[in-house]
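Asker: Before anything else, here's the structure in question.
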Amino acid sequence: MKILLLITTHLSLEHIAFLRRCWPPATHKSSLLREADAVVYINGHLSRNATRALAVAFPPVDRKVSYQRAAQMPRVLGGNPMRRQTGAMLGLDAADREQWWAGYDWVVRMNPDVIIRDDTFLRSAMARSDIDAIFGNCRSKPENLIVMTDFTAWRPAAVPVGAFRLPAGHTTQCGERDAWHKKPICNAERSTTAAFKGVLASGQYVLLPNAKD
């Protein structure tokens with residue numbers, strides 16, 4: 001089974017700390033993390049400290065590791081970038097356009113501050129032919145599912161090409177103060193939920209147990 005890790009980071013001090021301290025022991029314990037190829041989508045300043053943390057977290061060993069830099073982040077809300085929302089969506093948009101996951105059986109999209117301590121549930125779900133995705137739910141009730149973007153796993157073959165692509169002028173449309181919360185194309189969780197509409201309609205997914213946003 002070929003698995004691709006898609007890591008999106010704005011290289012905050014918190015992300016850098018997790019990369020340096022938490023990822024090495026987690027990778028040591030998890031065969032899924034050790035064996036998966038990785039693409040790291042970076043939408044922050046690549047300082048010397050960040051570069052060292054990335055090298056520690058994602059040693060190539062016997063797998064492929066690549067780094068993709070985001071284009072200049074849009075400035076909104078009086079000059080403050082909404083990095084978390086924008087970065088999450090732009091990372092998936094770029095991966096979809098470039099088809100970074102072509103040839104892979106599964107994609108695991110994670111934030112650096114999400115740590116897999118036991119991959120038993122994930123590996124079991126991925127081995128099932130009737131499961132196309134593994135979601136965390138931002139809502140408390142399963143029937144009102146909003147896909148959590150901090151961690152999402154899916155079969156690329158189950159999602160149409162273009163499902164994650166953002167419309168032209170996306171950043172302009174999302175420049176209003178409340179747009180990031182109210183407009184589906186401006187909110188990472190709502191945008192990703194829409195991309196998975198086919199999988200959600202099929203019912204061929206499982207929810208992460210005890211996942212909380």
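Asker: Pairs under 6 Å by beta carbon, first residue within 16 Å of Arg109 (Cα to Cα) in the stretch 135-149, partner surrounded by 22 or more Cβ atoms within 10 Å (Cβ to Cβ) and modelled with pLDDT under 85, six or more apart or different chains?
Answerer: Thr149/Ala88; Thr149/Ala188
Asker: Go through the stretch 157-193 and give me each residue that's part of a loop (DSSP other than H, G, I, E, B) and modelled with pLDDT under 80.
Answerer: Pro167, Ala168, Gly169, Cys174, Gly175, Glu176, Arg177, Asp178, Lys183, Asn187
Asker: Shifting gears a bit: Considering each residue of the stretch 118-156, count those that are in a helix (DSSP H, G or I) and surrounded by 11 or more Cβ atoms within 10 Å (Cβ to Cβ), and give that number.
Answerer: Of the residues in the stretch 118-156, 7 are in a helix (DSSP H, G or I) and surrounded by 11 or more Cβ atoms within 10 Å (Cβ to Cβ).
Asker: Next question. Within the stretch 1-48, which residues are in a helix (DSSP H, G or I) and either open to solvent by less than 20 Å² (accessible area, probe 1.4 Å) or of a type in the set (Val, Ile, Thr) (or both)?
Answerer: Matches in the stretch 1-48: His15, Ile16, Leu19, Trp23, Ala26, Thr27, Leu32, Leu33.
Asker: So, one more: Return the only residue of Ala94, Ala88, Ala53 being surrounded by 20 or more Cβ atoms within 10 Å (Cβ to Cβ), more than 18 Å from the chain's Cα centre (by Cα) and either under 20 Å from Thr149 (Cβ atoms) or modelled with pLDDT of 90 or more (or both).
Answerer: Ala53
Asker: I'd like the full set of residues that are hydrophobic (A, V, I, L, M, F, W, C) and under 10 Å from Ala53 (Cα atoms), limited to the stretch 12-30.
Answerer: Ile16, Ala17, Phe18, Leu19, Trp23
Asker: Kindly indicate whether Asp62 is of a type outside the set (S, T, N, Q), more than 19 Å from Thr192 (Cβ to Cβ) and at pLDDT 95 or above.
Answerer: When the stated conditions are applied, Asp62 does not pass them.
The values are calculated or read from the model by the stated rules, or taken from the named source; none is laboratory data. Note that the coordinates shown come from a computational prediction; the quantities given were computed from them, not determined experimentally. All Cβ positions, even for glycine, are placed from backbone atoms using ideal geometry, and neighbour counts span all protein chains on display. Just the protein is used for accessible areas: all its heavy atoms, side chains included, with ligands, DNA and RNA removed. Shrake-Rupley method; radii C 1.70, N 1.55, O 1.52, S 1.80 Å.
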